Number of protein chains: 2
Amino acid sequence: MSNLKIGIIGFGTVGTGVYKTLANHDGIEILKIAVKNINKPRSIKLPEGLLTDNPFEIINNPDIDIVVELIGGVEPAWEYISTAIKNGKHIVTANKELLAKKGEELFNLAEKYNRVCLYEAAIAGGIPIIMPIKTILAGNNITKIQAILNGTTNYILTKMDMDGASYEDVLIEAQKLGYAETDPTGDVEGFDAAYKITTLATIAFKKRIKLENVYREGITKVRQKDMEQANEFGYKIKLIANASIDEYGNADVRVHPMLVSKNTTLAHIDYVTNAVELTGHPIGSIVLSGPGAGEFPTASSVVGDILAIKAEFGKTDYMLPMMRCHHETTATPIKIEDTYNKYYISITAPNAIGVIAKIGTICASKNISLASVLQRGVSENNTADIIVITEMCQERLIKEVVNELDNCTVNSLIRVAE
Amino acid sequence: MSNLKIGIIGFGTVGTGVYKTLANHDGIEILKIAVKNINKPRSIKLPEGLLTDNPFEIINNPDIDIVVELIGGVEPAWEYISTAIKNGKHIVTANKELLAKKGEELFNLAEKYNRVCLYEAAIAGGIPIIMPIKTILAGNNITKIQAILNGTTNYILTKMDMDGASYEDVLIEAQKLGYAETDPTGDVEGFDAAYKITTLATIAFKKRIKLENVYREGITKVRQKDMEQANEFGYKIKLIANASIDEYGNADVRVHPMLVSKNTTLAHIDYVTNAVELTGHPIGSIVLSGPGAGEFPTASSVVGDILAIKAEFGKTDYMLPMMRCHHETTATPIKIEDTYNKYYISITAPNAIGVIAKIGTICASKNISLASVLQRGVSENNTADIIVITEMCQERLIKEVVNELDNCTVNSLIRVAE
């Protein structure tokens, strides 16, 4: 049988890992790699003529079967991918932003041209998650996801916790080590995790989730002091991507810092490791964890997708039926104000006398039960630092509580995972 | 399109879970269920005529496309499955013992008749592991597996650790709760885990592992005192299924109790939960954890396999190419005496004077380095309890050390995970 022919667009860290990994696999030939700058020095020796600075030498090449898109971002990736599909190419991509913003168009186009578009590498790097959900877990009704999907923020939060360091100091260190970008916004403000949970929830719930309905809060306001206090109560603070759906198709999808109990697996997922907990019926709960990024782990997923296409290429009129996009309906979004959560609240009160009574009264007036309250002494200037952890209550009501705590400073309001 | 028609042989816990789960899936019809006793009262109402006490009404039924085998054991399961394949049926099975003992024959027969045999439920219950290894992880060279594959023993070890109870007391409790069988041999002596790691390593390493080459030790000799001492050194004791393979195809596959560092995920897999850690290139390490048994989790895997067959049924001449058996070679076994491990040794010495020197001298004479030594006081009758943890050394040599410790009682010798 003739070789399966591949073109790669984008040759950074992941592309290099894919190139090295495919070198060990027979029957696959990389015909062209499109890069921005042909003359840039590379860490590996490449055959003459393999590189091009014109992606259309791949997209319009009639010999190429699969286009592997590794440049990221919406444009020009969408132009490249959509043209490639129209030209009859199958697609393998690691582009989480494109999937979150253009997923519906992308999969509709792929179905129209009967081409597959695989994207295991876009979510949680090397962790097998998309293909397992689409195949061996297909009999399940998955209703809940809790996940750590961004290695940069998990690294920062882990270092803050372990070293007792501030967010600002750890960010600088992470930037020096290459774990955070010069402009860290995409990671630390939760955009990256929001892209990933949008696609992951869409696949798991078999209903489309729209990125604009995903609530998002980053980690920039998490104080080292909150971590200390969380630890005392038996929690770690993690940036958690949450998604849940009820039986009527109402979906609550969001990314924000959370206190997670030390009794859970997620609390022990440290540094750049990612993890995904899926809950549904009949399976119950499973946790899949591993490297969420990096040259080789991400290459594992890209190459897995390529091999899945290779296995069925030319042997059937409708390849990889389970890996296609099967849902046509969109979930109804639940607004963050309407969600129910437990909350950790750090309060500084100007006058210690009566403040616990005041907090208790305000919460009681809204039927909010308190799980834990801690006031440790009174400072010299008669202010008091108080930590409250509530039972489940509606976000709208907790915001009212915060507003009604006049005279007090609310230092932090962080949701607590059930 | 006409329904996919299924026959189920065996209708215990898992079968019932499969029946209930398939009720939610269109396009699949259960034609017959074979049971030992048709008149036994069942927890669910079944359509008239669904049950039979003759499995050949399924195996020889020309309308049935898939035979789901859920009776376990080698015979008569092998007769049923092999006849069904010859009759053109695809197979879904949860039978770990049959796979470990007859895997090669089974997959050769299935290939000969161009039928698929899927078995996700046989290993680690609901955890997606076989299909991910065969598909999205296919680009990897997996070289190491460490896994908790038996819920009964993990439950017993967890309870011993948490409650400070003896093996015997916890076993009785586990039997009362239904977590252990009346004759617990298959679980507590490690047979169940040995069956599972045999198949799991065969799949992961792409070389056949023979059950008779899998070293096996159960948990019956693990003392509560060992757990206490392990805890002090930062370890938990778990029944670990290990497999590793070198670049020449030499495989070391075994099941035995191990001290695992509390810094690892496996140390925190408690009660009946299972977990599989896979290490290889390019992925690095991933850990997949979840329910290893039970009606619904196991049904998730059985139904996942059925849906995979359904997706390609009738659409191609060679279904599910990635899920076929691809290896023809057998790994070369490494004998347990030739393996290298760290060891935990609990020693009682009759005379405290000079005993540490003696242990040190014997170990040094064999070039064995000691990582930790702990002697806590001397008892009234002048005996001393000593714990030694070694660095890596060959099993053959540590056995010599144990033999040469004359006058001392070696209470326990347990391997320590790296």
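Any read-out appearing in this document is the output of simple, stated calculations on the displayed coordinates, not a laboratory observation. Here the structure is a predicted model, which means the values were calculated and not measured. Heads up, the Cβs are rebuilt from the backbone with ideal geometry, glycines too, and the neighbour counts pull from every protein chain shown.
Figures for the structure shown
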| quantity | calculated |
| --- | --- |
| Size of charge dipole - the protein assembly as shown - debye, nearest 20, with Cβ of Lys, Arg +1 and Asp, Glu -1, no other charges | 880 |
| Overall form of segment A:52-202 per C-alpha gyration tensor (a/c, 1.5; a/b vs b/c) | oblate |
| Among the listed pairs B:LYS207/B:LYS399; A:LYS238/B:LYS236; B:LYS20/B:LYS310; B:LYS5/B:LYS310, those beyond 21 Å (Cα-Cα) | B:LYS207/B:LYS399; A:LYS238/B:LYS236 |
| Spatially proximal aspartates and glutamates relative to A:LYS366 (Cα-Cα < 19 Å; intrachain offsets below 8 disregarded) | A:GLU337, A:ASP338, A:GLU391, A:GLU395, A:GLU400, A:GLU404, A:ASP406 |
| Cα-centre dipole for segment B:130-291 with unit charges at Cβ (Lys and Arg positive, Asp and Glu negative), debye to 20 | 640 |
| Segment B:185-209-segment A:247-290 distance, computed between alpha-carbon centres (Å) | 29 |
| Average Cα contact separation per residue, chain A, under 8 Å, 6 or more apart, as relative contact order % | 16 |
| Order of B:ILE359, A:ILE156, B:ILE66 under a 10 Å beta carbon neighbour criterion, fewest first | B:ILE359, B:ILE66, A:ILE156 |
| Net charge contributed by nearby residues that have their C-beta within less than 11 Å of A:VAL303 (K/R +1, D/E -1) | 0 |
| Interchain or long-range residues, amide H under 5 Å from A:ILE33's placed H | A:ILE8, A:LEU51, A:THR52 |
| Cα point-scatterer Debye curve for segment B:278-333, base-10 log of I(q)/I(0) at q = 0.14, 0.17 Å⁻¹ | -0.72, -0.96 |
| Coil-residue GluC sites (Glu not before Pro) of segment A:212-300, DSSP, other Cβ within 10 Å capped at 15 | A:GLU247 |
| Directionally averaged shadow of chain B, computed from the convex hull of its alpha-carbon atoms, nm² | 21.9 |
| Farthest positive-ward along segment B:130-291 dipole, Cα basis, beta-carbon charges - from B:PRO282, B:VAL272, B:GLN146 | B:PRO282 |
| Under 16 Å from the Cα of A:LYS96 - lysines, other chains or at least 8 residues apart | A:LYS196, A:LYS210 |
| Cα centroid separation, segment A:110-140 to segment B:346-414 (Å) | 53 |
| Residue-averaged 222 nm ellipticity for chain A, from DSSP H runs of 4+ at -39500 (n - 2.57), nearest 500 | -10000 deg cm²/dmol |
| Order of B:ARG42, A:ARG115 under a 10 Å beta carbon neighbour criterion, fewest first | B:ARG42, A:ARG115 |
| Hydrodynamic radius by Kirkwood, which averages 1/r over all alpha carbon pairs of segment B:130-291, in angstrom | 16.1 |
| Antiparallel DSSP beta bridges within the protein assembly as shown, percent to nearest 5 | 65 |
| Translational diffusion coefficient (Stokes-Einstein; Kirkwood radius from C-alpha pairs) of segment A:339-416 at 10 °C, 1.306 mPa s, in µm²/s | 128 |
| Three-way shape call for the protein assembly as shown based on the alpha-carbon gyration tensor, with the a/c threshold at 1.5 | rounded |
| Positive dipole terminus of the protein assembly as shown, leading residue within A:HIS256, B:GLY12, B:MET319 (C-beta point charges) | B:MET319 |
| Listed residues A:LEU99, A:LEU397, A:LEU149, most fluctuating in chain A (Gaussian network, C-alpha, under 10 Å) | A:LEU397 |
| Average beta-carbon neighbours from other chains, 10 Å sphere, peptide A:119-130 | 3 |
| Cβ-based exposure ranking for B:SER166, B:SER412, B:SER289, in which fewest neighbours within 10 Å come first | B:SER166, B:SER412, B:SER289 |
| Cα centre as origin, Lys/Arg/Asp/Glu Cβ charges: chain A dipole, Debye | 560 |
| Rounded to 5, percent antiparallel among DSSP beta bridges of chain A | 65 |
| Average beta-carbon neighbours from other chains, 10 Å sphere, peptide B:269-275 | 2 |
| Segment A:253-362 shape via C-alpha gyration tensor axes, a/c threshold 1.5 | prolate |
| Choice from A:GLY314, A:GLY12, A:GLY125 with maximal GNM fluctuation in chain A (Cα, 10 Å cutoff) | A:GLY314 |
